[in-house]
Amino acid sequence: GGMAAAVLLLLLLATAPGPGRADAGQERRDTLREELLLSPLPTGDVAATFQFRTRWDADLQRGSVSHYRLFPKALGRLVAALGVRELHLALTQGFWRTRYWGQPPLQAPAGAELWVWFQPTVTDVDKAWKELSNILSGIFCASLNFIDSTNTVIPTASFKPLGLANGTDHHLLRYAVLPREVVCTENLTPWKKLLPCGSKAGLAVLLKAERLFHSSYHSQAVHIRPVCRDASCLVVSWELRQTLTVVFDFFSSGQGKKDWSLFKMFSRTLTDTCPLASQSKVYVDISPKNKEKELLEVSPHPTSVHEAVVQGDKKTYAVYDLLSPSLFNTSRSLNVQLKWKRPQDSSEMPVPTLHAQRYVGGYGLQTGEICTLIYNTHPYRAFPVILLETVPWYLRLYVHTLTIITKGKENKPSYIHYQPAQDRRRPHLLEMLIQLPANSVTKITIQFERALLKWTEYPPDPNHGFYVGSSVLSALVPSVTAMKDMDVEQSPLFTSLFPSSDGSSYFVRLYTEPLLVNLPTPDFSMPYNVICLTCTVVAVCYGSFYNLLTRTFHVEEPSRGGLAKRLANVIRKFRGVPPL
């Protein structure tokens, strides 16, 4: 009787509506969408962009959440404890060549980039920023703990919130870049562990480190932001996006052909889906790349075809829905193959509407010049661009030498914000709003003087040079094709990270190359030479002098010699030889 009562009590407890169980029956509190975008590039390379989006209908800020299902607990507790409103972290190896590859779905500067918006309730933002960078350094096994006041800035116009925001007090924003950060497998492994299925099922099966890092460009990122739960936007949900972009070079692949497949790129194929994902799709960009309307053949036959206006241009995508029951019926694995119908002629590559480059001018080790070239290739539309420059304190900028030249004439910025550097405390911050005329090249130059560091401030390899972080360009670029408003939940993930203001333009954030600058470097081998010479002089001179002072001399009495000597003298006497 007691056993039956205990079983009945357990059944009652199991069926009773507990906290969070009632609304779990009505709607799923967290969902996972995963997506892979394959984009053939004009140069013959191919770009693969993974996106894993976890959306959680919970209020992380109140700290009342105790049960984590799909959302990583490490990041959820971090957001709740430090009052984070938005977090964007990117770890990148290589440089996205916008001039030849076109606009990227998600671009990031070389090295490590971190920018965070904090809640207005955070009193000491600098302390929270330092603690946040140290925690993220441990989670992702990166050198983010080197972020301090000497490489942190507070932009006023460049980095607006991508999620919901009541106000945009820029004092709650922090931005930092470590351009020298090297990204490798120790950063990829913890990134994959944050995925609900890890790398065991779904699209994450393709994330083989050996192939991902044998590429021209590799960038992995984490984006956390609050979003609207429904159209009324009365309740907030939290969104985590884990993105990974990789560019495979067809020359390094050893094939010499521009035909690609999943197995050629990743050495693996798709075998099953992630059971926790509510949507899992592969998109292949089959849009024509030039005026000849050159089309791409994909096999096997796609599940459907999707047309959308992406980054101002009309695109056509072949879609493979991994949750479709008919996809894995014919074979146990999916190996998407891309073949050109005829040989591709890359003599006329499409030029992106907005691209930029940066370099260091001048000569010698005292003064120099930073030059930035911004190209607007639109035939008849002008648009403004916000330029953000972050320069370390040991390059002392001469702001009166700032010149902006467009088509041979001076181009005055309509907004400028400059924060001078303080030695060993903070870097230079320069933000400008510049109007770019149609079909023009704008050249921005500013001169600087190199500082002489203390000998303890040089890195172990000072002759390698010192890195200057990338410039950031933010602009609303005019669209070629008018965009229509689409439901965020129905559209692909690669179209919905940046909010679009209207259908006539789209938001673009570009990064230029990082710079490598040589500073006056002392001869660090000189102390070694001095030590060797001093030790030699001390050993020879002082050793000999000390030997003379401490040696004792004894007078040795002459002896007649032993038996052997006397026998030798007798023999020498008989032979007529003088004795010894």
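The values are calculated or read from the model by the stated rules, or taken from the named source; none is laboratory data. Since we're looking at a predicted model, the values are computed, not measured. Cβ sites come from the backbone with ideal geometry, for glycine too, and all protein chains shown count toward neighbours. Protein only, heavy atoms only, side chains kept; ligands, DNA and RNA dropped before computing areas. Shrake-Rupley method; radii C 1.70, N 1.55, O 1.52, S 1.80 Å.
At-a-glance table
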{"read-out": "Which listed residue, of 379, 352, is part of a loop (DSSP other than H, G, I, E, B), touching a Phe, Trp or Tyr at 6+ places or on another chain (Cβ under 9 Å), at pLDDT 80 or above and not polar (S, T, N, Q)", "value": "352"}
{"read-out": "The range 45-63: number of residues that are of a type in the set (Gly, Ala, Ser) and closer than 19 Å to residue 105 by Cβ", "value": "2"}
{"read-out": "Hits in the range 413-452 (condition: open to solvent by 10 Å² or more (accessible area, probe 1.4 Å) and assigned to a loop (DSSP other than H, G, I, E, B))", "value": "413, 414, 420, 421, 423, 424, 425, 437, 438, 439, 452"}
{"read-out": "Residues of the range 134-179 that turn out to be within 19 Å of residue 120 (Cα to Cα) and under 15 Å from the mean Cα position of the chain (by Cα), as a count", "value": "1"}
{"read-out": "Among residues of the range 188-205, those that are among the small types (Gly, Ala, Ser) and open to solvent by 30 Å² or more (accessible area, probe 1.4 Å), counted", "value": "1"}
{"read-out": "Residue list for the range 122-152, restricted to those being part of a helix (DSSP H, G or I), more than 21 Å from residue 219 (Cβ to Cβ) and β-branched (Val, Ile, Thr)", "value": "125, 135"}
{"read-out": "Test for residue 519: is it open to solvent by 70 Å² or more (accessible area, probe 1.4 Å) and either modelled with pLDDT of 85 or more or touching a His at 6+ places or on another chain (Cβ under 8 Å) (or both)", "value": "no"}
{"read-out": "From the options 165, 157, residue that is farther than 30 Å from residue 466 by Cβ and touching an Asp or Glu at 6+ places or on another chain (Cβ under 9 Å)", "value": "165"}
{"read-out": "Residue match in the range 111-127 (condition: under 14 Å from the mean Cα position of the chain (by Cα), crowded, with 22+ Cβ neighbours inside 10 Å, of a type in the set (D, E, K, R) and assigned by the TED database to the domain that holds residue 221)", "value": "yes"}
{"read-out": "The range 378-387, residues that are within 29 Å of the chain's Cα centre (by Cα) and open to solvent by 50 Å² or more (accessible area, probe 1.4 Å)", "value": "384"}
{"read-out": "Any pair with Cβ under 8 angstrom, 6 or more apart, that starts in the range 154-170 at a residue that is charged (D, E, K, R) and ends at one that is modelled with pLDDT under 90", "value": "160/168; 169/120"}
{"read-out": "Residue check for residue 567: more than 54 Å from the chain's Cα centre (by Cα) and loosely packed, with under 10 Cβ neighbours inside 10 Å", "value": "no"}
{"read-out": "In the range 153-187, residue least open to solvent (accessible area, probe 1.4 Å) [restricted to those that are assigned to a helix (DSSP H, G or I) and more than 27 Å from residue 54 (Cα to Cα)]", "value": "170"}
{"read-out": "Hey, residue 100 open to solvent by 10 Å² or more (accessible area, probe 1.4 Å), modelled with pLDDT under 90, more than 19 Å from residue 164 (Cα to Cα) and in a helix (DSSP H, G or I) or not", "value": "yes"}
{"read-out": "Top-ranked residue of the range 388-412 - restricted to ones that are within 23 Å of residue 178 (Cβ to Cβ) and out of contact with any His (no Cβ under 8 Å at 6 or more places or on another chain), ranked as most open to solvent (accessible area, probe 1.4 Å)", "value": "396"}
